[in-house]
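A.B. asks: The structure that follows is given in the form of structure tokens.
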Amino acid sequence: MKQFYSTKDVYDLEGLLQTISSFKQAPHSVPLAGQHKSLAMLFFNPSLRTRMSTERAATNLGMDVITMNMKDSWAWELEEGQVMDADKAEHVREAAGVISSYADIVAIRSFPGLKDKKEDDRDALLSTFIKHCSKPVINLESSLRHPLQSLTDLFTIREHMTKKNPKIVLSWAPHPKALPHTVALSFLEWMRFGRHQVVVTHPEGYELDPSFMKGHSLEYDRDKAFENADFIYVKNWSAANPYGKVLNIDKSRMITLESLKRTRKAKLMHCLPVRRNMVISDDAMDSNHSIIQQQAKNRLHTAQAVIYHLLTNMQT
């Protein structure tokens with residue numbers, strides 16, 4: 001891999017999954033792989049699992065880590081040919097160039113604005129930074145994708161599946177805030193890449209981008225979608241039209257232990273953070289169905305495998 005933005009950057013998925021498994025068994029097996037190398041992590045939005053897992057993964061490989069909260073810095077201009085006489089103090093060209101000189105790998109997290117779908121679909125910050133950066137870039141979540149989370153999800157499903165073609169359901173659940181489509185879209189992309197089909201269930205008005213839905217199916221009736229399911233992946237996202245809005249907070253869509261009885265003793269997944277008794281009830285979160293903590297722990301091994309593959313590519 002030369003960078004890690006989407007599935008298109010991964011040439012050998014099975015090899016990458018095997019590396020994750022190897023690091024899960026022996027996280028300190030190559031402590032000098034990143035010796036004298038540095039990782040710069042830029043956070044335009046808050047993080048818990050992504051920040052901690054990626055930093056720990058880099059240090060397991062012997063790297064130095066520079067972490068910057070970009071709210072402590074000035075805004076970047078992303079467009080070309082602009083007269084920079086407003087609120088943008090630096091162009092991404094200079095920022096990417098300078099950061100490239102300080103670090104061997106750069107990792108960036110930046111959320112969508114949820115105001116203009118076309119603008120969010122551009123994924124402008126990540127795409128322009130990659131264009132002007134001379135070092136490998138890791139997508140820690142952008143306007144469109146969250147590949148470290150989705151690769152982790154794929155690995156976790158492979159760990160826990162008991163048959164070749166499990167039934168996987170991506171289930172919308174209520175949330176009081178408007179949340180991005182990012183995790184849901186990325187999950188669908190990686191499931192297709194990993195040759196798994198997904199049934200998506202949500203209320204009308206919450207349809208996901210058709211380009212990410214290719215190869216998957218939609219079932220508005222959640223009870224029907226849950227029948228004989230092997231995995232239930234729970235996530236909220238905001239409306240498609242009007243884009244970025246909360247149309248309803250349908251409490252009947254909360255995942256409960258009772259709702260899981262329709263499944264084939266399905267494993268319950270969520271990317272976290274989760275609002276208990278809003279998105280998932282206590283009895284479901286704390287049940288034997290839940291593999292949410294295992295899923296979160298796998299974030300470390302996934303990040304380490306991705307960084308290791310990027311480091312290895314530098315040496316070839």
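The values are calculated or read from the model by the stated rules, or taken from the named source; none is laboratory data. Just so we're clear, the structure is a prediction, and the values are computed from it rather than from any experiment. When we count neighbours, we look across all protein chains shown, and the Cβ atoms used for this are built from the backbone with ideal geometry, even at glycine. In case anyone asks, the SASA skips ligands and DNA or RNA and just uses the protein heavy atoms, side chains included. Shrake-Rupley method; radii C 1.70, N 1.55, O 1.52, S 1.80 Å.
A.B. asks: Tell me, yes or no, whether the stretch 20-27 has at least one residue that is surrounded by 19 or more Cβ atoms within 10 Å (Cβ to Cβ), modelled with pLDDT of 95 or more and among the hydrophobic types (A, V, I, L, M, F, W, C).
C.D. replies: yes
A.B. asks: Which residues, counting only those in the stretch 92-107, are touching a residue at least 40 places away in the same chain (Cβ under 8 Å) and over 13 Å from THR67 (Cα atoms)?
C.D. replies: VAL92, ASP104
A.B. asks: Moving on. With (1) in a helix (DSSP H, G or I); (2) in contact with a helix residue (DSSP H, G or I) (Cβ under 7 Å, 6 or more places away or on another chain); (3) among the small types (Gly, Ala, Ser) as the list, and GLY15 as the residue in question, which single condition is left unmet?
C.D. replies: (2)
A.B. asks: Tell me which residues, restricted to the stretch 1-11, are open to solvent by 70 Å² or more (accessible area, probe 1.4 Å) and under 17 Å from MET314 (Cβ atoms).
C.D. replies: Answer for the stretch 1-11, where residues must be open to solvent by 70 Å² or more (accessible area, probe 1.4 Å) and under 17 Å from MET314 (Cβ atoms): LYS2, TYR11.
A.B. asks: Go through the residues of the stretch 150-163 one by one and say whether even a single one is assigned to a loop (DSSP other than H, G, I, E, B), touching a residue at least 40 places away in the same chain (Cβ under 8 Å) and open to solvent by less than 30 Å² (accessible area, probe 1.4 Å).
C.D. replies: The answer is no; no qualifying residue exists.
A.B. asks: Next up: Given the stretch 40-134, what helices (runs of 4 or more DSSP H) lie entirely inside it while holding 1 or more residues that are under 24 Å from SER186 (Cα atoms) and basic (Lys, Arg)?
C.D. replies: 49-60, 117-122, 124-132
A.B. asks: Check the stretch 190-199 and report whether any residue there is in a helix (DSSP H, G or I), open to solvent by less than 40 Å² (accessible area, probe 1.4 Å), farther than 25 Å from LEU311 by Cβ and basic (Lys, Arg).
C.D. replies: no
A.B. asks: What residue, of SER47, SER110, SER73, is out of contact with any Cys (no Cβ under 7 Å at 6 or more places or on another chain), surrounded by fewer than 19 Cβ atoms within 10 Å (Cβ to Cβ) and within 27 Å of GLN304 (Cβ to Cβ)?
C.D. replies: SER47
A quick yes/no check of all residues on (1) of a type outside the set (Phe, Trp, Tyr); (2) in contact with a His (Cβ under 8 Å, 6 or more places away or on another chain); (3) within 20 Å of LEU154 (Cα to Cα); (4) touching a residue at least 40 places away in the same chain (Cβ under 8 Å):
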| site | (1), (2), (3), (4) |
| --- | --- |
| PHE226 | no, no, yes, yes |
| LYS245 | yes, no, no, yes |
| ASP250 | yes, no, no, yes |
| MET278 | yes, yes, no, yes |
| ASP283 | yes, no, no, no |
| SER287 | yes, no, no, no |
| ARG299 | yes, no, yes, yes |
| THR302 | yes, no, yes, yes |
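A.B. asks: Do any helices (runs of 4 or more DSSP H) lying entirely in the stretch 208-316 carry at least 1 residues that are among the acidic types (Asp, Glu), at pLDDT 95 or above and open to solvent by 20 Å² or more (accessible area, probe 1.4 Å), and which ones are they?
C.D. replies: 222-226, 282-285
A.B. asks: Being farther than 25 Å from VAL274 by Cα, at pLDDT 95 or above and assigned to a loop (DSSP other than H, G, I, E, B) is the requirement here; does GLN35 meet it? So that I can check it myself, show each step before the final result.
C.D. replies: On the way: farther than 25 Å from VAL274 by Cα: yes; at pLDDT 95 or above: yes; assigned to a loop (DSSP other than H, G, I, E, B): yes.
It is true that GLN35 is farther than 25 Å from VAL274 by Cα, at pLDDT 95 or above and assigned to a loop (DSSP other than H, G, I, E, B).
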